[in-house]
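I have placed the structure first, in the form of structure tokens, so that the comments after it can refer back to it.
The values are calculated or read from the model by the stated rules, or taken from the named source; none is laboratory data. Source: prediction; values computed, not measured. Counting neighbours? That spans all protein chains shown, and the Cβs are built from the backbone with ideal geometry, glycine included.
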Amino acid sequence: MAKRILITGHRGYIGSVMVPYFLRAGYEVQGADTGFFERCLLGPGGGEVAGHGVDLRDGLTARDLEGTDAVIHLAALSNDPIGNLNKHWTREINGEASVRLALLAREAGVSRFLFSSSCIMYGAAGGGETEVDENSPLDPRTQYARSKVEAEHALRPLASATFSPVYMRNGTIYGLSPRMRFDTVLNSLAGSAVARGSVRVFSDGKPWRPVVHVEDVCAAFHAALEAPREAVHNEAFNVGAAEVNVQIGTLARHVAEASGAALELLAQADADQRSYRTSFAKIARHLPGFRLQWSPCAGAQRLVREFRALGLSMGQFDDARFTRLRWLRKLLEEGALGEDLRWQANRQCSARGERAEAEEVMA
Ligand SMILES: NC(=O)c1ccc[n+]([C@@H]2O[C@H](COP(=O)([O-])OP(=O)(O)OC[C@H]3O[C@@H](n4cnc5c(N)ncnc54)[C@H](O)[C@@H]3O)[C@@H](O)[C@H]2O)c1
């Protein structure tokens, strides 16, 4: 069993939940993250483990990875709007840096490399009418989606007798994290219900999406780490189970029922038309140890309870810290990040003060 793992992107939304998950499961965990969202904290916690503060485009060496059994590679520019902001950054970070990291890992003798991929690569395949599985044609519609397809494609030939890449194709993820995101669908619906008192859907509600709780994502990655090599070697998996396929309108109704908030359907001409229902037969077959805990309905109820317990305010819900694109734009405008999306020299001294400021906003 892999016991010593490196989680990249450990100071992001998923990473901040996944680090404590694997620590509780008895793993020795290290992190590697450039810290774009370091100070984007909502509530306590945040993956405080030994970590490398590095940009994975050129940080880390094979030596840093020696003695590591497995790498979980979460670090990425992680949504469509960021890809549209600058295609080059998304290609460089999500694609080229992923291949670079996999090569270093292979050189260092790491045996398993879990790549955090996305069901977004199915695009509008089937229009929600038919199910897409891991062999379905890919239809990446955005730079972000293309970067995931390109990365999977480039990682595949690196597989060897001693190195097993695995492609974990996640649906849209939801659930509370210390480094929260409100720019994903269920987090946004539930956040709006609690903070604003209404659930807003910016489409006709018909598109299908798989929505998966962040803790279930952790459990799926755990199962992929523990599985025998032949079950996962160079394989792609849609992460979830049948019940996570849901239409956005149904999801919104779950949130409205859980919260008592009003439901507003605000159909927009330019609404996101991605729609796909996903088959999860393969993950059930290859990773029988993985059991989904949270249905979208139960997950929506849980989120509403958690946001209420936090006293989620409109100020927090609408804070740039919790929308990836807005936060990166702010860092760019302030000059904290340069044109190559790297930290500028004065970052170290300002970061400490800003972290204190972030903690005040949370309180
Ligand atoms: N959140 C979702 O709904 C979702 C769905 C499908 C797939 N994924 C994938 O899961 C992974 C994690 O997603 P997330 O929601 O936690 O994203 P996130 O934006 O919250 O976290 C990503 C982390 O990667 C780090 N990072 C970015 N570029 C880096 C670089 N060059 N060097 C080092 N670190 C860098 C950031 O600082 C950040 O902490 C991503 O690969 C994403 O594409 C997420």
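Is it the case that ALA102 is more than 10 Å from the ligand (Cβ to nearest atom) and surrounded by 18 or more Cβ atoms within 10 Å (Cβ to Cβ)? Walk me through how you get there before you give the answer.
On the way: more than 10 Å from the ligand (Cβ to nearest atom): yes; surrounded by 18 or more Cβ atoms within 10 Å (Cβ to Cβ): yes.
So ALA102 passes the test.
Taking the range 163-219 as the search range and keeping residues that are part of a strand (DSSP E or B), more than 21 Å from VAL19 (Cβ to Cβ) and among the hydrophobic types (A, V, I, L, M, F, W, C), which one is nearest to the chain's Cα centre (by Cα)?
VAL211
So, in the range 288-316, exactly how many residues are farther than 18 Å from ILE173 by Cβ and buried (at least 17 other Cβ atoms within 10 Å of the Cβ)?
Of all residues in the range 288-316, those farther than 18 Å from ILE173 by Cβ come to 288-289, 305, 308-316.
If we keep only those that are buried (at least 17 other Cβ atoms within 10 Å of the Cβ) too, we end up with 312, 316.
Adding up the residues that qualify gives 2.
Taking the options GLY127, GLY109, name whichever one is at pLDDT below 90 and either surrounded by fewer than 18 Cβ atoms within 10 Å (Cβ to Cβ) or touching a strand residue (DSSP E or B) at 6+ places or on another chain (Cβ under 7 Å) (or both). Let's see the steps before the verdict.
On the way: GLY109 fails: at pLDDT below 90.
Step by step, each of GLY127, GLY109 is checked, and only GLY127 is at pLDDT below 90 and either surrounded by fewer than 18 Cβ atoms within 10 Å (Cβ to Cβ) or touching a strand residue (DSSP E or B) at 6+ places or on another chain (Cβ under 7 Å) (or both).
Does the range 327-340 include one or more residues that are of a type in the set (Phe, Trp, Tyr), surrounded by fewer than 22 Cβ atoms within 10 Å (Cβ to Cβ) and within 19 Å of the chain's Cα centre (by Cα)? I'd like the intermediate steps shown before the answer.
Taking the range 327-340 and keeping what is of a type in the set (Phe, Trp, Tyr), we get 327.
Next cut, surrounded by fewer than 22 Cβ atoms within 10 Å (Cβ to Cβ) only: 327.
Now narrow it down to the ones that are within 19 Å of the chain's Cα centre (by Cα): 327.
So far as the range 327-340 goes, yes, one or more of its residues are of a type in the set (Phe, Trp, Tyr), surrounded by fewer than 22 Cβ atoms within 10 Å (Cβ to Cβ) and within 19 Å of the chain's Cα centre (by Cα).
From the list ALA145, ALA154, ALA97, exactly one residue is in a helix (DSSP H, G or I) and more than 13 Å from the ligand (Cβ to nearest atom). Which is it?
On the way: ALA145 fails: more than 13 Å from the ligand (Cβ to nearest atom); ALA97 fails: more than 13 Å from the ligand (Cβ to nearest atom).
None of the other options fit; the residue is ALA154.
Among the listed residues ASP139, ASP69, identify the single one that is away from the ligand (no atom under 15 Å from the Cβ) and without any contact (Cβ under 8 Å) to a residue 24 or more places away in the chain.
Numbers: ASP69 fails: without any contact (Cβ under 8 Å) to a residue 24 or more places away in the chain.
None of the other options fit; the residue is ASP139.
Checking the condition more than 20 Å from ALA154 (Cβ to Cβ), surrounded by fewer than 16 Cβ atoms within 10 Å (Cβ to Cβ) and touching a strand residue (DSSP E or B) at 6+ places or on another chain (Cβ under 7 Å), which residue from ALA25, ALA50 passes? Working first, answer last.
On the way: ALA25 fails: touching a strand residue (DSSP E or B) at 6+ places or on another chain (Cβ under 7 Å).
Unique residue meeting the criteria: ALA50.
Which residues, counting only those in the range 9-61, are closer than 23 Å to GLU226 by Cβ, within 11 Å of the ligand (Cβ to nearest atom), in a loop (DSSP other than H, G, I, E, B) and among the β-branched types (Val, Ile, Thr)?
The one that is closer than 23 Å to GLU226 by Cβ, within 11 Å of the ligand (Cβ to nearest atom), in a loop (DSSP other than H, G, I, E, B) and among the β-branched types (Val, Ile, Thr): ILE14.
I'd like to verify a number: residues in the range 161-181 that are within 13 Å of the ligand (Cβ to nearest atom) and in contact with a Lys or Arg (Cβ under 7 Å, 6 or more places away or on another chain), how many?
The qualifying residues number 4.
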